[in-house]
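Notes for the one structure printed next.
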């Protein structure tokens with residue numbers, strides 16, 4: 001491995017993360033427009049987000065298997081192009097059926113990014129776990145940059161353009177990003193010890209198969225992601241009820257993701273100084289409290305509270321995500337990341353439909369209160385991760 005390959009791998013993976021996450025989270029800006037145009041219930045509106053996330057979750061593991069055959073570079077490029085073309089299809093169609101098909105195709109394209117790009121970063125840093133954690137935190141931060149930029153851009157475009165024309169412009173931006181990635185992605189990704197076909201044959205790859213610690217981490221990530229996606233899906237509806245328009249919703253998401261980007265850095269620091277257990281208890285407890293504050297405050301004060309909420313809401317994921325390389329051997333890292341993202345993104349696919357159903361029957365505010373309660377399930381789950389990372393009597397205090 002040459003001296004520049006870790007930096008080049010991180011730059012390429014971070015660019016892919018920013019582009020894919022930005023295109024994914026533009027959906028939150030478009031959901032209220034689709035609901036109004038097509039006359040959808042909240043549950044069906046949440047299911048639209050679930051189509052994208054469900055397809056993205058379901059193809060995480062197949063993406064790693066295809067990458068083993070065709071290479072990470074080809075899969076990442078093909079996925080970026082497909083995600084961009086999906087927005088072109090939605091914009092050209094303008095019909096509900098076209099939007100649904102586009103969401104499925106977009107989720108398929110997006111499924112390549114998380115497991116392959118994150119494994120590329122981890123592998124480029126070899127066996128240096130401290131450097132791998134730092135690089136993965138930077139990679140996660142890059143995703144939040146895309147979440148800040150693209151929803152805000154589309155929110156501004158919607159002031160003067162239809163959502164169809166905005167989608168077409170976003171598709172063009174995605175294709176330009178694919179050209180950039182073609183230059184950035186290393187031609188030879190960092191080599192990785194391959195798992196023996198005989199060793200993996202005949203047994204299903206499940207979180208439990210990778211150990212109790214990974215299973216606990218997976219479950220914690222599922223709850224954390226379900227909370228995040230449930231809140232993000234219906235935040236625009238809460239804000240619209242307070243009087244916000246499309247540009248205001250785009251601004252609100254940007255404020256939230258600014259806080260989320262800072263949260264990735266802040267929680268990485270907290271994780272080093274407080275330990276995993278205290279960090280997760282702090283961030284998830286504050287997430288529940290901040291959600292309740294956003295529901296009760298008027299619009300302007302809600303906007304002011306969103307950066308703090310984003311810091312807590314998104315920051316936990318970077319701490320959990322950075323534990324994956326510590327809980328599985330290097331030869332199973334691709335599959336571990338794929339399983340982790342299958343669970344977290346799959347939870348993000350189901351949560352909007354579930355909380356949308358609650359919103360239809362109880363109201364959006366009550367559904368969001370349920371989201372705030374749901375996140376507290378992470379508090380007991382994290383103990384299993386701590387025990388696996390720090391076996392022995394000292395695990396309870398989670399010393400780093």
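The values are calculated or read from the model by the stated rules, or taken from the named source; none is laboratory data. Everything numeric in this text was worked out from a predicted model, so none of it was measured. Every residue, glycine among them, receives a Cβ derived from its backbone with ideal geometry; neighbour counts consider all protein chains shown.
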Residue check for residue 82: within 23 Å of residue 360 (Cβ to Cβ), crowded, with 17+ Cβ neighbours inside 10 Å and in contact with a helix residue (DSSP H, G or I) (Cβ under 8 Å, 6 or more places away or on another chain): no
Residue that is surrounded by the fewest Cβ atoms within 10 Å (Cβ to Cβ) [pool: residues in the range 272-298 that are at pLDDT below 90 and over 17 Å from residue 259 (Cα atoms)]: 273
Criterion violated by residue 111 - all others in (1) surrounded by fewer than 20 Cβ atoms within 10 Å (Cβ to Cβ); (2) in contact with a helix residue (DSSP H, G or I) (Cβ under 8 Å, 6 or more places away or on another chain); (3) closer than 27 Å to residue 183 by Cα satisfied: (1)
Test: residue in the range 246-262 that is farther than 24 Å from residue 131 by Cα, surrounded by fewer than 24 Cβ atoms within 10 Å (Cβ to Cβ) and at pLDDT below 85: yes
Test: residue in the range 301-312 that is free of Cβ contacts under 8 Å to residues at least 40 places away in the same chain, outside any helix (DSSP H, G or I) and more than 23 Å from residue 376 (Cβ to Cβ): no
Pairs where the first residue, in the range 233-250, is closer than 16 Å to residue 305 by Cβ and the second is outside any helix (DSSP H, G or I), C-beta under 7 Å, 6+ apart: 242/298
Test: residue 31 is farther than 21 Å from residue 157 by Cα, in contact (Cβ under 8 Å) with a residue 40 or more places away in the chain and either surrounded by 18 or more Cβ atoms within 10 Å (Cβ to Cβ) or in contact with a strand residue (DSSP E or B) (Cβ under 9 Å, 6 or more places away or on another chain) (or both): no
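Residues checked against (1) under 25 Å from residue 175 (Cβ atoms); (2) crowded, with 24+ Cβ neighbours inside 10 Å; (3) at pLDDT 90 or above:
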| residue | (1), (2), (3) |
| --- | --- |
| 42 | no, yes, no |
| 60 | yes, yes, no |
| 66 | yes, no, no |
| 76 | yes, yes, yes |
The range 101-116, residues that are assigned to a helix (DSSP H, G or I) and under 22 Å from residue 172 (Cβ atoms): 101, 102, 103, 104, 105, 106, 107, 108, 109, 110, 113
Residue within the range 124-134 that is in a helix (DSSP H, G or I) and under 22 Å from residue 56 (Cβ atoms) present: no
Residue check, residue 319 under 14 Å from the mean Cα position of the chain (by Cα), farther than 23 Å from residue 103 by Cβ, assigned to a helix (DSSP H, G or I) and modelled with pLDDT under 85: yes
Residue check for residue 199: modelled with pLDDT under 90, under 13 Å from residue 316 (Cα atoms) and in a helix (DSSP H, G or I): no
Any hit, the range 215-231, residues being on the phi > 0 side of the Ramachandran plot and surrounded by fewer than 21 Cβ atoms within 10 Å (Cβ to Cβ): no
